[in-house]
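The values are calculated or read from the model by the stated rules, or taken from the named source; none is laboratory data. Treat the numbers as computed from the prediction; the structure is a model and nothing was measured. As a convention, Cβ positions derive from the backbone with ideal geometry for all residues, glycine included, and neighbour counts pool all protein chains shown.
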Amino acid sequence: MTEVNEHLQGILDTLPQKPGCYIYRNADKQVIYVGKAVNLRNRVRSYFHSLPDWDNKTRRLVKQIADIEWVVVGSELEALILELNLIKKYRPFFNIRLKDDKNYPYIKIHWNMPYPKVTVTRQMVQDGSRYYGPYTSVWAVHQTLDVLRHIFPYLTCDRVITGKDARPCLYYDIKLCSGPCIGAVDQAGYRQLIADLGAFLEGRTGPIITRLQQEMEKAADDLRFEKAAAIRDQLQAIDRVVERQKIISSDQIDSDVIAMARSEGEACVQIFFIRNGKLIGREYFILEGTADEADSEVVTEFIKQFYSEAASVPDQVLLPNDVEEAQIIKQWLNTRRQGEKVELLVPREGSAQELVQMAAENAVETLQSLRTRWEADTNRQSEALAELQKALDMPEAPNRMECYDISNTQGTAAVGSMVVFEQGVANKALYRRFNIKTVSGPDDFASMEEVLSRRFNRWKTIKEDNTPGKKVDPSFALLPDLLLVDGGKGQLSRAVNVLDRFGLAGQVKVAGLAKQQEELFLPGESKSIVLPRHSQGLYLLQRIRDEAHRFAITAHRNRRGKEGIASRLDSIAGIGPARRKALLKQFGSIEGIKEASIEEIATIPGINEALAIAVKSGLE
């Protein structure tokens, strides 16, 4: 074995010979790798043998291991599931992982509602709803829903549906809602419409078309020609979409086809979704941490991480190569399908092999296109930073920029935003918001001073605290190279005051950005700086300023909304903080409470039928 310190040797000597997961941490207590093993003792100790075939990645990993934790489980399957959860939680640097996989969007059908809604969400919860996805782009989700809404006009409003409203909204008039509010469609008919939408998303259009044709013919026979014409239009809209779906085979087996392309340490996986023999969609995913890893290992990790998040698992998955963990992965996928068998196949010939090849070609083209885009973006960012360095007379280009904005409504629910750009790119993980605490009324200048004071006080506290291994907030641990405040000379002077107070006037470059003329104001300078109208530097300043403004407004709306919810419920006699919290936990929102029945509200602990009636009437 390679030489290890006393602390690690003590851990290696006491490792159990049981299945489980192991967690490696570095000297800063950060999780840098998560793995699973049938025998923890043998697997973990193998890392510390001086094997000649170690790759560079493993060498770098082992050098950084300062501590080891493990969790014993009952089986290899449990170890696989735990490993997935730990990678999702910690996103360790040395693990292969889906890039930006925290919040992929899904289409959600709220089957737990009497008249189910269709929404976009980033979280799957076990609430009786049906999910479709994940998708890699919110834009792609909304584009899909725009098409579907013309075929299956589902409701999007917050009305309590009784079927007895006097008049519908505009969406009914322009044929983007089926009008359950006025009884134009009854509950059974509306739920059938939503069921058709879900089947359509799954690629199962045959039964829908057959039933609609029968309904159209019956409506015509009954002389309900307007109804027949509406169904005819619906069928034509379905045909226009279906004819664009490429027919792959006559086989009725549902399949996902996976292939991969690699370049410069990154991998692009393309996945085709085939349902009832038709190619109904495709997505690509970028994986990080793939350097020095074999193709089979990359594909294995993609399968595990993708299907841990996927809303459904098909009958078979076609792969470009064999994977080592095929049996345990199949066992796990079977549990995801409630016991129905899943096949992992590596086709060697025929149409299935051609599908994998087509997916591989798409993956290569996608990765090349992305790299071209990334390189172009990098060039633009470098140009923008160089322009700012020159315009602001800075010794170096501003690597880290922070921008601040204030949002309030007549001084209420005031919120300050802090956004961070690194090397010209937004780092949303470092964004922070500040609820204004010391300012009364609409005083943006004083609010800005409070926000900046709190920000640099956090930096000072971190700097003065020398506790070894203590975790610090990366948003505040570093100073910005360039600090921007959204506003002119007034806001700038408050920022300068704060920097002076913390002794940072010479360390942090500060500027005010006035929106009206897109001017930059510097301390002590009477004239403003106006960058060329189409310069990359100006575009970057506009992006960071707009992002600070957007983030401030979003935080303000959320705060105002929470205060509004609290005030509406608190105004009802008998509803205090505990019952308010219980209501919101059960029903999710004011709208959810309004849609709930009196009987459902009365099931909340501490709320009887009389109080439930008061809640319903108080929210009308």
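Would you say ALA376 is hydrophobic (A, V, I, L, M, F, W, C) and in contact (Cβ under 8 Å) with a residue 12 or more places away in the chain? Before you say what the answer is, go through the steps one by one.
Working: hydrophobic (A, V, I, L, M, F, W, C): yes; in contact (Cβ under 8 Å) with a residue 12 or more places away in the chain: no.
When the stated conditions are applied, ALA376 does not pass them.
When residues of region 605-620 are filtered for being surrounded by 14 or more Cβ atoms within 10 Å (Cβ to Cβ) and free of Cβ contacts under 8 Å to residues at least 40 places away in the same chain, how many remain?
4
Restricting to region 253-288, give me the number of residues that are within 26 Å of ARG371 (Cα to Cα) and either modelled with pLDDT of 85 or more or under 21 Å from the mean Cα position of the chain (by Cα) (or both).
23
Return only the number of the condition from (1) in contact (Cβ under 8 Å) with a residue 12 or more places away in the chain; (2) over 11 Å from TYR404 (Cβ atoms) that GLY506 does not satisfy.
(1)
Grab the helices (runs of 4 or more DSSP H) fully contained in region 164-227, keeping just those with 2 or more residues being small (Gly, Ala, Ser).
So the answer is 187-201, 206-221.
Table: residues versus (1) aliphatic (A, V, I, L, M); (2) under 20 Å from PHE302 (Cβ atoms); (3) touching a residue at least 24 places away in the same chain (Cβ under 8 Å).
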| position | (1), (2), (3) |
| --- | --- |
| LYS330 | no, yes, no |
| LEU370 | yes, yes, yes |
| ALA391 | yes, no, yes |
| ARG400 | no, no, yes |
| VAL415 | yes, no, yes |
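Taking only region 112-122 into account, find how many residues are touching a residue at least 24 places away in the same chain (Cβ under 8 Å) and in a loop (DSSP other than H, G, I, E, B).
Step one: list which residues in region 112-122 are touching a residue at least 24 places away in the same chain (Cβ under 8 Å), which gives 113-118, 120.
Within this subset, residues satisfying the condition of being in a loop (DSSP other than H, G, I, E, B) are 113-117.
Result for region 112-122: 5.
Output the residues belonging to region 253-306 that are in contact with a Gly (Cβ under 6 Å, 6 or more places away or on another chain) and either assigned to a loop (DSSP other than H, G, I, E, B) or closer than 16 Å to ALA352 by Cβ (or both). Break it down stepwise before answering.
Restricting attention to region 253-306, the residues satisfying the condition of being in contact with a Gly (Cβ under 6 Å, 6 or more places away or on another chain) are 273, 275-276, 278, 280, 291.
Within region 253-306, PHE273, ARG275, ASN276, LYS278, ALA291 qualify.
Quick check, is THR290 of a type outside the set (D, E, K, R) and touching a strand residue (DSSP E or B) at 6+ places or on another chain (Cβ under 9 Å)?
yes
Considering only residues that are modelled with pLDDT of 90 or more and assigned to a loop (DSSP other than H, G, I, E, B), which ones fall in region 503-520?
GLY503, LEU504, VAL508, listed by residue number.
ALA360: surrounded by fewer than 21 Cβ atoms within 10 Å (Cβ to Cβ), touching a Pro at 6+ places or on another chain (Cβ under 9 Å), at pLDDT 85 or above and within 18 Å of GLU547 (Cα to Cα), yes or no? Even if it seems obvious, please write down each step before you answer.
Working: surrounded by fewer than 21 Cβ atoms within 10 Å (Cβ to Cβ): yes; touching a Pro at 6+ places or on another chain (Cβ under 9 Å): yes; at pLDDT 85 or above: yes; within 18 Å of GLU547 (Cα to Cα): no.
Taking the combined requirement at face value, the residue does not satisfy it.
Answer yes or no as to whether THR144 is within 14 Å of the chain's Cα centre (by Cα), surrounded by 13 or more Cβ atoms within 10 Å (Cβ to Cβ) and not basic (Lys, Arg).
Against the criterion (within 14 Å of the chain's Cα centre (by Cα), surrounded by 13 or more Cβ atoms within 10 Å (Cβ to Cβ) and not basic (Lys, Arg)), THR144 does not qualify.
Can you tell me which residues in region 179-206 are on the phi > 0 side of the Ramachandran plot and within 30 Å of the chain's Cα centre (by Cα)?
The answer is GLY203, and nothing else.
Select from region 600-612 the residues that are within 38 Å of the chain's Cα centre (by Cα), in a helix (DSSP H, G or I) and not charged (D, E, K, R) and list them in ascending order.
Those that are within 38 Å of the chain's Cα centre (by Cα), in a helix (DSSP H, G or I) and not charged (D, E, K, R): ILE601, ALA612.
Any idea how many residues of region 216-239 are closer than 19 Å to TYR190 by Cα and surrounded by 15 or more Cβ atoms within 10 Å (Cβ to Cβ)?
Adding up the residues that qualify gives 11.
Identify the residue in region 342-357 that is exposed (fewer than 14 other Cβ atoms within 10 Å of the Cβ) and free of Cβ contacts under 8 Å to residues at least 24 places away in the same chain and, among all such residues, is nearest to PHE421 (Cα to Cα).
Going through the qualifying residues, I end up with GLU354.
Consider LEU98 carefully, then state whether it is surrounded by 15 or more Cβ atoms within 10 Å (Cβ to Cβ) and either assigned by TED's automatic domain parsing to the domain that holds GLU266 or of a type in the set (A, V, I, L, M, F, W, C) (or both). Before the answer, list the steps.
Numbers: surrounded by 15 or more Cβ atoms within 10 Å (Cβ to Cβ): yes; either assigned by TED's automatic domain parsing to the domain that holds GLU266 or of a type in the set (A, V, I, L, M, F, W, C) (or both): yes.
So LEU98 fits the description; yes.
Just need a number here: residues in region 547-568 that are modelled with pLDDT under 85 and of a type in the set (Asp, Glu).
Residues in region 547-568 being modelled with pLDDT under 85 and of a type in the set (Asp, Glu): 1 in total.
May I ask you to verify whether GLY576 is buried (at least 17 other Cβ atoms within 10 Å of the Cβ) and modelled with pLDDT of 75 or more?
So GLY576 fails the test.
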